[in-house]
Structures are given as structure tokens and as C-alpha cells.
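Right, one structure below, let's go through it.
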Amino acid sequence: MEISYKDFKLGKCEGQKVVDGETMPLVLQPPEPNKSDTESLISALKQNKDWFEQMLMKNSAVLLRGFDVKNAEDFNDIIEAFGWDDIRYIGPAPRTHVYKRIWTANEGPLSEFIYYHHEMVLIKESPKKVVLFCEIPPPEGGQTPFVPSFRVTERMLEEFPEAVEEVEAKGLKYTFTALSKDDTSSMRGRGWEDAFGTSDKAEAERRAKALGMDMEWLPNGGVKTILGPRSLTKVFDGRKGRRMWFNTVVGMHGKESSSATLADGTEIPENFVKRCGQIIEEESIQFKWEKGDVLFLDNMALLHGRRPSLPPRKVLVSTCK
């Protein structure tokens with residue numbers, strides 16, 4: 001029997017999971033075939049804004065599938081239907097502005113895996129919502145897997161109770177090195193001039209400070225950013241008191257252009273980092289794109305990434321407060 005609710009029909013998708021009683025992602029489809037046009041979708045979203053936001057908070061991921069969403073303009077109309085404030089992306093990923101509030105997702109090589117992360121996890125103000133639109137699904141690979149963050153904390157506490165609390169008590173410090181100009185051959189190739197919106201070093205330092213970063217200038221014109229102390233986990237309002245694994249230890253630890261240590265400079269045990277990476281992968285939900293999909297992620301509750309893929313693949317993004 002088909003279930004209809006709030007001008008949508010509930011659906012299913014490949015990789016969908018039930019986690020602690022919640023369906024991830026919750027799939028919303030047109031209530032009937034003649035209601036798949038973008039105008040009908042936007043009307044339904046405007047009429048059910050509060051309900052939709054509750055569903056996103058409850059399920060952490062909501063997928064609109066089967067609607068006739070064609071391009072960045074349609075996607076922007078969907079974003080603006082909610083009235084959510086925009087938040088500017090700050091981070092290492094090379095991206096291009098497409099239309100109004102819409103940007104390309106990470107333009108790094110499709111052959112690379114973008115590791116699981118909460119968007120802008122190290123910045124003082126992270127977006128509450130990350131919304132993705134698939135204009136061109138890849139012929140193979142290219143999934144956007146996501147991970148319920150609280151499950152990582154739960155399992156790490158089960159296996160490393162003392163280490164988790166020690167890291168939490170001491171805090172974390174991260175470093176990241178960036179060139180001055182963009183390097184699109186790398187998934188972390190965004191230059192500091194683009195990231196901070198200026199080529200003036202003093203202004204870049206001021207903007208970095210406002211975001212909670214210190215900077216060290218390098219002889220090659222690049223910069224080393226230092227962030228810390230940062231917490232290992234966080235609890236956010238409206239999410240059942242769950243302790244989220246709100247950090248990027250695995251993604252930045254021991255990398256060529258980045259590091260993650262305890263705030264006092266002490267190294268994080270290798271087995272702690274390695275096992276955490278395994279748990280994150282084990283808890284992941286492997287979401288596969290279809291043309292026209294719009295995926296809403298609660299950035300406070302989910303880590304997300306990108307699987308390697310064959311070209312072409314075109315996924316656009318909007319980040320919202």
C-alpha cells in the first residue's frame with residue numbers, strides 16, 4: 001500500500017537503512033504522476049516547510065526523487081522555497097559558483113575518494129543543512145555515502161572509552177597547508193586567495209582570525225592554517241541528545257598537507273585513528289544518485305563523502321544556516 005503524507009508519497013531507494021528507528025534517507029516522491037513538475041514540488045514544499053524541517057531533523061537525510069528538477073535554476077528555486085539563510089563555503093575544496101545560491105560540489109578529480117566529513121566542521125559556524133542536486137549521474141561509482149555521526153561516537157566509546165574521553169578533555173589541533181592559487185588537480189586544492197576572498201595577506205589573516213584560525217606564511221606564497229583547540233564530539237539541540245562525532249581526525253591525520261593532533265601537540269594513537277576509519281566505513285549508507293535527485297543532509301548529524309566515479313558526474317550544492 002502506498003503511503004501519502006503532506007503532498008508526497010513515501011518511497012524507497014537502494015542502500016536505504018533504518019538506524020535507531022529512523023529511515024535514512026527518507027524518500028519523498030510525487031503523490032501522483034502529474035505532480036512531478038517543479039512548480040508543484042515548490043508549492044508543496046512551501047506549504048509544508050515546518051513538517052519538512054521536522055522530517056529532516058528526525059531522519060537526518062531526506063531525498064526528493066522522481067521530480068522534474070532539471071538544472072541549477074530549478075535547484076535554486078527549491079532552496080529559496082524554504083527561506084533558509086545562505087552560508088558561504090569556507091574550506092579546501094575547489095568549487096565554482098553556478099547560479100545565485102548554487103555551487104559545484106568538490107571539483108577535485110573524480111578518481112579520488114573524498115573522505116567522510118561534516119561540512120565546514122572546523123569553522124566556528126557550520127551550515128546546518130547541506131543540499132545536493134544531481135544534474136548528471138555518473139555511469140559508474142560516484143555515490144555520496146553518508147554516516148550517522150552518533151553511531152561513530154557510540155562505537156568508539158564502546159572500544160576506546162578512556163581514549164575518547166582523554167581526547168575530548170585535551171581537545172584537538174589541526175593544521176592545513178594551502179597554495180595561494182587554486183589547484184583543481186587536487187580535491188583539497190583550493191588556494192587561500194579564493195578561500196578567503198582576497199589576495200591581501202593582512203586581510204586574509206583578519207578573516208581567518210574571525211573564523212577561529214591562525215596562519216603561518218610559507219616561502220612559496222602558500223599558507224599553513226592552524227585550528228584549535230577543537231572538540232572531538234558535540235551535542236546539538238533537537239537531536240535526541242546524541243553525541244555527534246563532530247571532528248575530522250581521520251580525514252586530516254597524518255596527511256601530506258594536513259595533520260590532526262591533541263591540542264598540546266601530542267600524537268593521537270594510530271590504532272585509535274585506524275579503527276575509527278573502519279567504524280565510519282562500516283556505518284556508512286551508500287547512496288546512489290539518479291538524475292534529478294535532490295538530497296537534503298542534516299550537517300549536524302551526518303558525515304558525508306564521495307566515492308570515485310567514471311565521468312561524467314555533475315552534482316551541485318547549496319549550504320544553508
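Extent of the stretch 112-185 along its three principal axes (Cα atoms, max minus min coordinate, largest first): 45, 32, 24 Å.
Our note on the geometry: Cα centres of the stretch 106-162 and the stretch 260-321, 2 Å apart. In the context of the full protein assembly, Ser36 retains an accessible surface of approximately 30 Å², using a probe radius of 1.4 Å and ignoring ligands and nucleic acids. Taking every C-alpha pair closer than 8 Å and separated by at least 6 residues, the mean separation divided by the residue count of the stretch 245-321 gives a relative contact order of 19 percent. Other residues within the sphere of radius under 9 Å centred on the Cβ of Leu227, judged by their own Cβ, net out at +1 (K and R +1, D and E -1). Per-residue ellipticity at 222 nm, computed for the chain from helices alone with -39500 (n - 2.57) per DSSP H run of at least four residues, works out to -7500 deg cm²/dmol.
Distance from the alpha carbon centroid of the stretch 3-25 to that of the stretch 61-90 works out to 19 angstrom. Counting heavy atoms of the protein chains alone, Asp85 has an accessible area of about 100 Å² for a 1.4 Å probe.
When only Cα pairs below 8 angstrom with a gap of at least 6 residues are kept, the chain shows a relative contact order of 32 percent. Both radii were evaluated on the Cα set of the stretch 204-320; the Rg over Rh quotient, with Rh as the Kirkwood radius, amounts to 0.99. Shape index of the stretch 255-321: Rg/Rh, with Rg the Cα radius of gyration and Rh the Kirkwood radius from the inverse mean 1/r over Cα pairs, equals 1.04. Across the stretch 15-107, the mean sequence separation of Cα contacts (distance under 8 Å, 6 or more residues apart), normalised by length, yields a relative contact order of 27 percent.
Taking 27 Å as the straight-line reach from the Cα of Lys181, the lysines in range (excluding those fewer than 8 positions away in the same chain) are Lys100, Lys124, Lys173, Lys201, Lys209, Lys224, Lys255, Lys314.
The orientation-averaged shadow of the Cα convex hull for the chain, equal to a quarter of the hull surface, comes to 16.4 nm². Binning the C-alpha pair distances of the stretch 48-140 at 10 Å intervals from 0 yields a P(r) profile of 12, 43, 39, 6 %, listed from the shortest bin outward. Within the accessible area of the stretch 51-134, the carbon and sulfur atoms contribute 52%, probe 1.4 Å, all protein chains present. Annotation note: GluC sites (Glu not before Pro) in the stretch 234-321 located in DSSP loop regions with a Cβ neighbour count of at most 13 within 10 Å are Glu256, Glu267, Glu290.
Any idea what % of Cα-Cα pairs in the stretch 105-230 are farther than 19 Å? More than 19 Å apart: 62 percent of the Cα pairs in the stretch 105-230.
Ranking of Asp68, Asp298, Asp237 by solvent-accessible surface, largest first: Asp237, Asp68, Asp298 (1.4 Å probe, protein heavy atoms only, all chains present).
The values are calculated or read from the model by the stated rules, or taken from the named source; none is laboratory data. In this text, all values refer to a predicted model and were calculated from it rather than measured experimentally. Cβ coordinates were reconstructed from backbone atoms using ideal geometry, including for glycine residues, and neighbour counts include every protein chain displayed. In case anyone asks, the SASA skips ligands and DNA or RNA and just uses the protein heavy atoms, side chains included. Shrake-Rupley method; radii C 1.70, N 1.55, O 1.52, S 1.80 Å.
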